[in-house]
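The values are calculated or read from the model by the stated rules, or taken from the named source; none is laboratory data. It should be emphasised that the depicted structure is a prediction, and the values quoted were computed from it without experimental measurement. So basically every Cβ, Gly included, is an ideal-geometry build from the backbone, and we count neighbours across all protein chains shown. Just the protein is used for accessible areas: all its heavy atoms, side chains included, with ligands, DNA and RNA removed. Shrake-Rupley method; radii C 1.70, N 1.55, O 1.52, S 1.80 Å.
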Amino acid sequence: MTPEQMQLVKASFSTIYRRKRQAGTLLYSRLFAMAPQVRPMFGEDIAPQVEMLVTMVTAILRAADDEEKLRGLLRPLALRHAAYGAVPAHYNAVGIAFLGTLDDILGDRLTPEMRAAWGAAYAEVAQRMIALSSEAAPANL
Ligand code: HEM
């Protein structure tokens, strides 16, 4: 990500944050429509999940310039996700659902540059989580 992209992400986050419930609901309905096989991995009530996700995204953005803090968030998150059964193809689906959700809630206000910046931010976090997941013990040991 370029520093300009990071600025765009941070600047547009407050707009998304104000619509966090709507964004969360849309994100999971998009995800479950696209990849119904992941639905059973989640609890019945998706509302607490939305809250935790928004809290985590806020913390990740705050830690973005501090490598140690960022790793301190991403490593345990990645290990928990390995335990949930998340695999790289799922990260792809979540990324597509996430960008689609931004299209839904921001409409014309989502400029191509903002969309590319959020795509780059998601890709960076997802790649790091996937790489860190490989540190998890294989499930059959
Ligand atoms: C960058 C991508 C992602 C982020 C930032 C993220 C973030 C989170 C957060 C903050 C939680 C709350 C619980 C916790 O902290 O462990 C969570 C739970 C969860 N996530 Fe993710 N996640 C991501 C990608 C994925 C992917 C690709 C999957 C695979 C389908 C997934 C499946 C789950 C599941 C199954 C739970 C637990 C739900 C439950 O207990 O009801 N996540 N995620």
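Can you compute the equivalent ellipsoid semi-axes for the chain, i.e. the square root of 5 times each eigenvalue of the Cα gyration tensor, sorted largest first and rounded to whole Å?
One finds semi-axes of 24, 20, 13 Å for the chain.
Please compute the per residue accessible area over the chain with all protein chains in place, 1.4 Å probe, rounded to a whole number of Å².
Heavy-atom SASA per residue in the chain reads 60 Å².
In whole Hz, with x marking every Gly and Pro, tabulate ³J(HN,Hα) for segment 49-64 from phi via Karplus 6.51 cos²θ - 1.76 cosθ + 1.60, θ = phi - 60°.
Once rounded to whole Hz, the list reads 5, 4, 4, 5, 5, 5, 4, 5, 4, 4, 5, 5, 5, 5, 8, 4.
Relative to the present Cα-Cα distance, how much length would full extension add between Met52 and Arg39 at 0.36 nm per residue of separation?
Length gained between Met52 and Arg39: 3.0 nm.
Specify the residue with the greatest mean-square fluctuation among Ala82, Ala11, Ala97, computed from a Gaussian network of the chain linking alpha-carbon atoms under 10 Å apart.
Ala11
Could you list the residues of segment 11-54 with an amide nitrogen less than 15 Å from a label point located 7 Å from the Cα of Asp104 in the Cα-to-C-beta direction?
16-17, 19-36, 46-47, 50-51, by backbone N distance to the label point.
Tell me the label-point distance for the pair Phe13, Tyr84, using the 7 Å Cα-to-Cβ offset, in nm and rounded to one decimal.
So the label points at Phe13 and Tyr84 sit 1.9 nm apart.
How high is the relative contact order of the chain? Use alpha-carbon pairs under 8 Å, at least six apart in sequence, and give a whole percent.
42 percent
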